[in-house]
Amino acid sequence: MSDVTVSAVIVTYNRLSLLKKAIPKVLNQRTHALKHLIIINGASNDGTREYLDSLVDKRLIIINLSENIGGAGGFNQGIRQFYERTSDDFVWVMDDDSMPSEDALEKLLAMFEANSLAGWGASKVIWVDGSFSRMNFPGTVTGQRYHIYSGAENWVQIKNATFVSTIFKRALVQQIGLPQKEYFIWGDDMEFTQRAAQQMIGYYVRDSVVVHESQFNAKPGDIVGEKLNERLPRYLYEYRNRILTSRRRHKRSKMLKTLAHSALDFLRTLLLPGVSYRGRKLLIIIKGTYRGLKFNPKIEYLS
């Protein structure tokens with residue numbers, strides 16, 4: 001697609017060493033479609049701002065926030081900047097630990113060229129050892145995970161994905177609004193792509209490959225297996241946010257399934273041997289789920 005233009009968005013917070021690797025990976029894409037790289041710095045205090053100030057590339061749009069508003073707030077700001085400050089056709093979003101291969105964007109754009117009705121797409125995300133990144137597994141419209149693991153199709157229709165190399169048409173963003181900044185962290189990408197899938201077809205693009213250099217190749221929302229005490233507050237957002245995401249599917253069965261999932265996590269945390277911080281985790285599941293029943297921020301739409 002030689003005539004289309006793309007803005008990339010990277011959201012970062014206190015991970016300068018990873019950001020220094022990710023920026024060249026994005027800027028050095030093989031396609032010339034990339035016209036802007038929007039970097040949202042969530043008030044990092046590790047030298048990120050000084051590093052960004054030293055960069056010279058006319059494609060860069062750098063936003064240094066005065067406070068950390070979480071990954072959700074960062075993606076909200078990044079997509080807003082794309083829409084309001086550029087006229088690009090697509091926005092391509094990722095975290096600061098996302099390392100796209102040199103043809104990752106080119107392959108995403110090839111999908112749109114072959115599928116005119118597509119409104120969004122997501123890359124194949126692998127971990128540093130070459131295995132699938134467990135926290136970035138998209139949901140297929142059929143519910144069959146083998147289509148992702150071992151299917152032969154290069155493009156598989158999906159119903160949700162994470163913000164690790166996910167791309168959206170400008171017209172779709174105008175239609176569905178911005179990611180929910182109120183989520184703060186975890187689940188904002190699933191809710192946003194769920195909205196996207198309700199309006200336009202989305203595809204998993206197998207030959208667009210991105211390495212997710214996360215610390216662990218952990219399953220998403222695995223509170224039972226969580227070993228790091230400092231990460232536990234994030235699970236309050238996980239349980240709260242997943243309730244609202246489920247409610248927005250407008251199906252009672254989906255809501256019941258989400259509540260059952262939370263109940264199962266509670267029982268596993270309570271009964272399985274060797275669970276770290278058992279009491280604190282049980283309280284988090286209860287609090288997060290309860291807050292989710294009342295949580296209902298408005299979606300921001302772009303004029």
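Readers should treat all values here as calculations from the given coordinates under stated rules, not as data from a laboratory. This one's a predicted model, so the numbers in the text were calculated from it and none came from an experiment. Positions of Cβ are backbone-derived with ideal geometry, glycine not excepted, and every protein chain shown enters the neighbour counts.
Quick one: if the Förster radius is 25 Å, what FRET efficiency do ALA218 and ASN14 give, using the C-beta to C-beta distance and rounding to 0.05?
On the way: r = 20 Å, r/R0 = 0.78.
For ALA218 and ASN14, the calculated efficiency is 0.80.
Among the GluC sites (Glu not before Pro) in the range 25-123, which ones are in a DSSP loop with at most 16 other Cβ atoms within 10 Å of the Cβ? Mind listing them? Don't jump to the answer; show the numbers that get you there.
Values: sites: GLU50, GLU67, GLU84, GLU102, GLU106, GLU113; in loops: GLU67, GLU102.
Here the GluC sites (Glu not before Pro) that fit, given the DSSP loop and packing criteria, are GLU67, GLU102.
Calculate how many DSSP beta bridges within the chain are antiparallel, expressed in % of all such bridges and rounded to the nearest 5. Intermediate results must be reported in sequence, preceding the final value.
On the way: 17 of 43 bridges.
Approximately 40 percent, going by the DSSP bridge assignments.
Return the distance in nm (one decimal) between the two label points of a simple spin-label model at ILE286 and ASP103, each offset 7 Å from Cα along Cα→Cβ.
5.5
Taking loop as defined by DSSP and a crowding limit of 16 other beta carbons within 10 Å, which chymotrypsin sites (Phe, Trp or Tyr not before Pro) in the range 214-269 fit?
Values: sites: PHE216, TYR235, TYR237, TYR239, PHE266; in loops: PHE216.
Of the chymotrypsin sites (Phe, Trp or Tyr not before Pro), the ones in loops of the range 214-269 whose Cβ has at most 16 other Cβ atoms within 10 Å are PHE216.
Could the peptides 286-297, 55-66, 4-15 be put in order, highest first, of the mean number of other beta-carbon atoms found within 10 Å of their residues?
Numbers: 286-297: 15.2, 55-66: 11.8, 4-15: 22.2.
In decreasing order of mean packing, 286-297, 55-66, 4-15 become 4-15, 286-297, 55-66.
In deg cm²/dmol, rounded to 500, what helix-only [θ] at 222 nm does the chain give when every DSSP H run of at least 4 residues adds -39500 (n - 2.57) and the total is split over its residues?
-12000 deg cm²/dmol
Between ASP3 and TYR149, what is the FRET efficiency for a Förster distance of 30 Å, r being their Cβ-Cβ separation, to the nearest 0.05? Provide the component values of the computation, followed by the final result.
Working: r = 35 Å, r/R0 = 1.17.
After rounding to 0.05, the efficiency reads 0.30.
Once both labels are modelled 7 Å past Cα along the beta-carbon direction, what's the SER303-LYS257 spacing in nm?
With each label point 7 Å from Cα toward Cβ, the separation is 3.9 nm.
Can you compute 3J(HN,Hα) from phi for each residue in the range 162-178, using the Karplus curve 6.51 cos²θ - 1.76 cosθ + 1.60 with θ = phi - 60°, rounded to whole Hz and x for Gly and Pro?
These are the phi-based 3J(HN,Hα) values: 9, 7, 10, 6, 10, 10, 9, 5, 4, 4, 5, 4, 4, 7, 9, x, 9 Hz.
Quick check: from the Cα gyration tensor, does the range 98-250 come out rounded (a/c under 1.5), prolate or oblate? All intermediate terms of the calculation are to be shown ahead of the outcome.
Working: a/c = 1.80, a/b = 1.22, b/c = 1.47.
The shape class here is oblate.
Using modelled backbone amide H atoms (1.01 Å from N, in-plane), which distant-in-sequence or interchain residues come within less than 5 Å of VAL9's amide H?
Amide H neighbours of VAL9: ILE38, TRP92, VAL93, MET94.
Hey, can you grab everything whose amide H is under 5 Å from the amide H of SER44? Only 5+ residues off in sequence or another chain; H modelled, so Pro and N-termini drop out.
ASN14
Rank these for me by crowding, MET111, MET94, going from fewest to most other beta carbons within 10 Å.
Numbers: MET111 24, MET94 28.
Listed from fewest to most nearby Cβ atoms, that is MET111, MET94.
Using Cβ counts within 10 Å as a stand-in for footprinting exposure, how do GLU153, GLU226 rank, fewest first? Write down the numbers at each step before the final one.
Working: GLU153 11, GLU226 20.
Lowest count first: GLU153, GLU226.
At a 10 Å Cβ-Cβ cut-off, how would you order ILE69, ILE79, fewest neighbours first?
On the way: ILE69 20, ILE79 25.
Ranking ILE69, ILE79 by Cβ neighbours within 10 Å, fewest first, gives ILE69, ILE79.
Return the distance in nm (one decimal) between the two label points of a simple spin-label model at TYR51 and ASP207, each offset 7 Å from Cα along Cα→Cβ.
Each label point is offset 7 Å from its Cα along the Cβ direction, giving 3.3 nm.
Step through the table entries LYS159/LYS181; LYS254/LYS287; LYS58/LYS107; LYS181/LYS281; LYS20/LYS257; LYS254/LYS281, compare each Cα-Cα distance with 32 Å, and write down the pairs that go over it.
LYS20/LYS257
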